[in-house]
Amino acid sequence: MEKASTITPELIEKLVYTFYDQIRQDALLGPIFAAEIKDWDHHLPKMVAFWSSITLKTRSYNGRPVPAHVKLEGLTAAHFDHWLELFEKTAHDIFTPEPANTFTSRAHQIANSLKMAIDVQRGMLPGMEGALCA
């Protein structure tokens, strides 16, 4: 399979659909997503819009990722780390290094922001899971 050297809307869709097919089958992440997402036909286009907005500056996404992730009980840094591993592998399977690195760099920034926001929303100091703020 030849890897793509440019980011296009079609390839973003391929990345998202391929990645979330893997997530749904993953032993760690699959149950978390299955408990929350009942309509994948609705969710996946939102994820395509999200990544299109980030990489192609389409401004097609208008969701609120922080509240969506805060409500997921039991979500830990380990889940984010595993998500990133799978995402990186998928991006590098589809793209040559430069566009794959664009996706993975942004994914790491987003994951770090979400982890911090979740910790703050849950009353925890960022990076200190289990330590409640007074």
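FYI, it's all coordinate maths here, none of it is from the lab. No experiment lies behind these values; they were computed from the predicted model shown. Every residue, glycine as well, gets a Cβ built from its backbone with ideal geometry; the counts of neighbours run over all protein chains shown.
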Give the cross-link partners of Lys71 among the lysines, using a straight C-alpha distance below 16 Å as the criterion and excluding same-chain residues fewer than 8 apart. Lys38, Lys115
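Under the classification rounded if a/c is under 1.5, otherwise prolate if a/b is larger than b/c and oblate if not, where does the stretch 9-121 fall, given a ≥ b ≥ c as square roots of the Cα gyration tensor eigenvalues?
Values: a/c = 1.34, a/b = 1.31, b/c = 1.02.
Rounded shape, in that the Cα axes give a/c under 1.5.
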Counting only backbone N atoms under 12 Å from a point 7 Å out along Cα-to-Cβ of Trp40, the residues of the stretch 1-33 in range are 17-26, 30-31, 33
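Give, as a single signed number, the net charge of other residues whose beta carbon lies under 13 Å from the beta carbon of Ser60, with Lys and Arg counted +1 and Asp and Glu -1. Present the calculation step by step, with values, prior to reporting the outcome.
Working: positive: Lys46, Lys57, Arg59; negative: Glu13.
Local net charge: +2.
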Between Tyr17 and Lys71, what FRET efficiency comes out of the Förster formula 1/(1 + (r/R0)^6) with R0 = 22 Å and r the beta carbon distance, rounded to 0.05? 0.35
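List the residue ranges in the chain for DSSP H helices whose C-alpha atoms run 15 angstrom or more along the long axis and whose Kyte-Doolittle average is 0.0 or above. Let's see the in-between values first.
Details: long enough: 9-25 (24 Å, -0.42); 40-56 (23 Å, 0.19); 77-94 (26 Å, -0.33); 97-121 (35 Å, -0.40).
Length and hydropathy pass: 40-56.
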